[in-house]
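One structure is given here, and the rest of the page talks about it.
The values are calculated or read from the model by the stated rules, or taken from the named source; none is laboratory data. Note that the structure is predicted; figures quoted are calculated from it, not measured. Cβ coordinates were reconstructed from backbone atoms using ideal geometry, including for glycine residues, and neighbour counts include every protein chain displayed. Accessible surface areas use protein heavy atoms only, side chains included; no ligands, DNA or RNA. Shrake-Rupley method; radii C 1.70, N 1.55, O 1.52, S 1.80 Å.
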Amino acid sequence: MKTWEPMFMDPEFKETIWGGTQLMTLFQKKIPSAHTGESWEVAARENGNSRIRNGRMAGKTLFEAIEENPIEILGYSSMGKGGFQFPLLCKFIDASDDLSIQVHPNNAQAALMEGPQGSGKSEMWYVVDAEPDARLIYGLKSSVTAEEFVRAVSEGTLEDYVNYVPVKKGDAFFIPAGTLHAIGQGILIAEIQQNSDTTYRVYDYMRRDEGGRTRPLHIEKALEVANFFGVEGDGKVNMDEGVVCDYFQVYRRNLKGIQEIAVSSEHFQVIMILEGSGKIDGIPFRKGDSILLPAAGETVGLEGRAVYLQIL
């Protein structure tokens, strides 16, 4: 009998000005409102914690479980890099409207600008679904000076300078810290990122919330961290090869029948089910489930037909 079994995670939802209902429509998630923008699937933060649905840790938050069993859940190499902190944040994001144009700092910049607890944020996006003609923003069209950038923000013309990329289901992007970006209307993505919530918003389409208030911008900080060089190409990555960086590895896998995943004692893994259904170690899963595989040095077995992201 295994000491640890796959942990099915119940997410924490985030309501946003740009959120919608696709998390319910596509994944049958019990969202809190028709403006649900984010589902924090695997998260261990003060401002967002997923909860374990099954097994010996059922009912506990991921943060609580790690406090009690850090090595068994995180693994030896993860402990060496980040102590007791879960290093990633895995989400689904439903963009019923355009997200703000924003940028994130790297680790060194975040520590300098936000203090010792500041953390950088590099991330990747996998497009789970997209409406026809959907597009996102990835970087700038060409080199832009700081003065031009500030003027475009103040004049409301920043949209003229950004690099728009058309997207379809199955596209993927790596967004390193410093890249100006925004998810466009009509896109649902899986986002895997460093465990950070540091965002510098630079443009929000002049929109207002229900109280008539605009959301705060962070122009000065954005100027400190943004890459003002135009991007080459559209930023898309080949998911057959995966996304590999200093902070995570993400691969798209197809399950057709029976597979095994070897989970070492060095590092946990996460799988996010994008399509289909099946079982993992005999436990049924369905589209929209996110499952944490503790670093217990055990092999797990999958069966069924599904498409999923494997995250290390």
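Given the conditions (1) of a type in the set (S, T, N, Q); (2) touching a helix residue (DSSP H, G or I) at 6+ places or on another chain (Cβ under 8 Å); (3) buried (at least 21 other Cβ atoms within 10 Å of the Cβ), which single one is not true for SER265? With respect to (1) of a type in the set (S, T, N, Q); (2) touching a helix residue (DSSP H, G or I) at 6+ places or on another chain (Cβ under 8 Å); (3) buried (at least 21 other Cβ atoms within 10 Å of the Cβ), SER265 is out only on (3).
All conditions in (1) of a type in the set (A, V, I, L, M, F, W, C); (2) part of a loop (DSSP other than H, G, I, E, B); (3) open to solvent by 70 Å² or more (accessible area, probe 1.4 Å) hold for PHE228, with the sole exception of (3). Screening the range 1-91 for helices (runs of 4 or more DSSP H) wholly inside it with 3 or more residues that are touching a residue at least 40 places away in the same chain (Cβ under 8 Å) and in contact with a Leu (Cβ under 8 Å, 6 or more places away or on another chain) returns the ranges 22-27.
Residues ASN195, ASN163: which one is touching a residue at least 40 places away in the same chain (Cβ under 8 Å) and over 22 Å from GLY19 (Cα atoms)? Among ASN195, ASN163, only ASN163 is touching a residue at least 40 places away in the same chain (Cβ under 8 Å) and over 22 Å from GLY19 (Cα atoms).
Whether any residue in the range 145-157 is under 20 Å from THR214 (Cβ atoms), of a type in the set (D, E, K, R) and surrounded by fewer than 22 Cβ atoms within 10 Å (Cβ to Cβ) is what I want to check. Scanning the range 145-157 turns up at least one residue that is under 20 Å from THR214 (Cβ atoms), of a type in the set (D, E, K, R) and surrounded by fewer than 22 Cβ atoms within 10 Å (Cβ to Cβ).
The set of residues in the range 5-35 being surrounded by fewer than 16 Cβ atoms within 10 Å (Cβ to Cβ) and in contact with a Pro (Cβ under 7 Å, 6 or more places away or on another chain) consists of GLU15 alone.
Pick from the range 103-133 the residues that are more than 15 Å from the chain's Cα centre (by Cα) and buried (at least 21 other Cβ atoms within 10 Å of the Cβ): which of them is farthest from ILE311 (Cα to Cα)? If we take residues in the range 103-133 being more than 15 Å from the chain's Cα centre (by Cα) and buried (at least 21 other Cβ atoms within 10 Å of the Cβ), then ALA110 is farthest from ILE311 (Cα to Cα).
Hey, among ILE258, ILE280, ILE291, ILE271, which residue is in contact with a strand residue (DSSP E or B) (Cβ under 6 Å, 6 or more places away or on another chain), at pLDDT 95 or above and over 29 Å from GLN22 (Cα atoms)? Write out each step before concluding.
On the way: ILE280 fails: over 29 Å from GLN22 (Cα atoms); ILE291 fails: over 29 Å from GLN22 (Cα atoms); ILE271 fails: over 29 Å from GLN22 (Cα atoms).
Unique residue meeting the criteria: ILE258.
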